[in-house]
1. Would you mind computing Rg(Cα) / (2.2 N^0.38 Å) for chain A, counting N as its residues?
2. Counting other beta carbons within 10 Å of each residue's own, what order do A:173, B:9 fall into, fewest first?
3. Please give the average number of partner chain Cβ atoms lying within 10 Å of the Cβ of each residue in B:155-162, rounded to a whole number.
4. Over region A:22-132, what per residue volume does the convex hull of the Cα atoms give, in whole Å³?
5. If you count the DSSP beta bridges with both ends in chain B, what percent of them are antiparallel, to the nearest 5?
6. Using a ≥ b ≥ c from the Cα gyration tensor of the protein assembly as shown (square roots of the eigenvalues), is it rounded, prolate or oblate, where a/c under 1.5 gives rounded and otherwise the larger of a/b and b/c decides, a/b for prolate?
7. Count neighbours as other Cβ atoms within 10 Å of each site's Cβ, and list the chymotrypsin sites (Phe, Trp or Tyr not before Pro) in region A:34-101 that are DSSP loop with at most 14 such neighbours.
8. Across peptide B:89-97, how many C-beta atoms of other chains are within 10 Å of each residue C-beta, on average?
Amino acid sequence: MNATVQTPVAAPPSVTRPAPSSMPALTLGARLRPYAERVLPPLAVVLALMGLWEVVASGPGATLPPPSKVWADAHDLIVDPFFDRGGLDKGLFWHLLASLQRVAVGFALSAVIGIAVGLLIGTSKLAMRGLDPIFQVLRTVPPLAWLPLSLAAFREAQPSAIFVIFITSVWPIIINTAVGVRNVPADYRNVAAVIRLRGPAYWWRIILPAAAPYIFTGLRIGVGLSWLAIIAAEMLIGGVGIGFFIWDAWNSSNLSDIIVALAYVGLVGFALDRLMALAGHLVTRGTATV
Amino acid sequence: MAMQPFLDISDVTVAFGRSRVPVLNGIDLKVARGEYVSVIGHSGCGKSTLLNVVAGLLPASGGGVVLDGKEVSDPGPDRAVVFQNHSLLPWLTCYENIRLAVDQTLSKSLSRAERHEWTMENLALVRMTHAKDRRPNEISGGMKQRIGIGRALAMKPKVLLLDEPFGALDALTRAHLQDQVMAIHAELGTTVMMITHDVDEAVLLSDRIVMLTNGPNARIGEILEVGLARPRDRLALVADPRFIAARAAVLEFLHHRHAAPGLAAA
């Protein structure tokens, strides 16, 4: 290999190489450009929408507060999410934390059970025939419709809320896991057969990793649904939590608080989705798309 | 026992489902230890079906396969398969793909350190040491197939089964890989059964070429002994009259006496 890059002795090296001085001038602008291209357009849209909102909501017959009034009313809520004055008078951080804790428990439960059931119906035709029609019906029941029944069964707010999260988010996890298992390419199964990979090792080393991109799609949809369900459920069950905070603000006519809370709910939901996508990317070693 | 062939495919018939016409009918083939045999035929004639029966991935409806005195009943590492589309596990690196096969098939005879050494040795054999930590989607088609071959050889198979291993590759990469397979065959003396539809490839690589008639109900039409000395050089062979004659014989069989049925009708 070295012989091929030999240069004639007489030739000066500066002739064959580009001048190095032109390099740094390019890099700074070129490096920032892709970031600017991604950050600036959404920023511009947000500013434009805020401006529009300000104009529309400042009119005499406006029913909702404009951004300037939201800032004035809810200034404390926006800048200090961590205050705690006892009872329900807490910063948004504490409300979000309470909601996220419920989601964590309910979603962990639905992830474990969803993947296990999904593996079962992905493998066994009999289990699929028996369970799939029932799942297809149950998964269309809206989250809040489960709440009365779950309150009656558990007689307590906390487990009821967790059950609602579980029952909402478990279906996409089951269905995606089952599809993932059924779609494991025959080639991978053949490879496993040739090297005599069987039993738990076969599941652990072939089926689960091959189905992982599908499983993570299910988990990602599931975590989104969990977040939708908990906000709605908390409005009804009360206590500390971002859902009840919104309902409480409505009852005391604090529209500005509601708007701030909605912004937080949206951002947290977005963060949960990205977090799950990132987890999928890391666990599947890049075979799942982000 | 000395007279017994190393790989003995006797009267293998394969029929799918309730179909009365079998895909393969009465295939009889005996392969000696260290021999390189190619199976050639038109698309859909059941070449790959025959390979799958030998691999144990598909049960024969009639007849059987005996390898080194043992009847084939299920898949196993003594009959390592190189699949047409490489079949590497995408979540594992090249090293891990080979290592998984090594761990699974040689854990009783080799220590942990020896298995690592053996994995590295096979990566070196297919000249992929430089890409050992890359994943399959980061390397080219030819490299993937090299890892596939490395993985198969790492199982120390009695017979290496190649299922159109170079079919999906461009001509230059294919030639390069054919040369590597020839070199590996010369070095290790592995018994090879290769499925192909490429006449030049079959003549260049094989000791014998098994020509199948058109399916369904495909049989062995003819077996050609390629009497070319090894090592073979593809450039020198282009003008070699024995190479030209062998090539002509296979082409004559495939395109004159047993032309592809779909093409003949059109």
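1. Details: Rg = 27.1 Å, N = 290, 2.2 N^0.38 = 19.0 Å.
Computed over Cα atoms of chain A, the ratio equals 1.43.
2. Numbers: A:173 29, B:9 24.
So the residues, fewest neighbours to most, are B:9, A:173.
3. Numbers: counts 3, 0, 1, 0, 0, 0, 1, 0.
Mean partner shielding for this stretch: 1.
4. Numbers: hull volume 34.1 nm³, N = 111.
Hull volume over Cα atoms, normalised by residue count, gives 307 Å³.
5. If I count the DSSP bridges inside chain B, around 45 percent turn out antiparallel.
6. Working: a/c = 2.93, a/b = 1.86, b/c = 1.57.
The shape class here is prolate.
7. Taking region A:34-101 and a limit of 14 other Cβ atoms within 10 Å, the loop chymotrypsin sites (Phe, Trp or Tyr not before Pro) found are A:82, A:83.
8. On the way: counts 10, 9, 13, 3, 1, 0, 0, 0, 1.
That works out to 4 on average.
Rule-based calculations on the coordinates, nothing more; no lab input. No experiment lies behind these values; they were computed from the predicted model shown. So basically every Cβ, Gly included, is an ideal-geometry build from the backbone, and we count neighbours across all protein chains shown.
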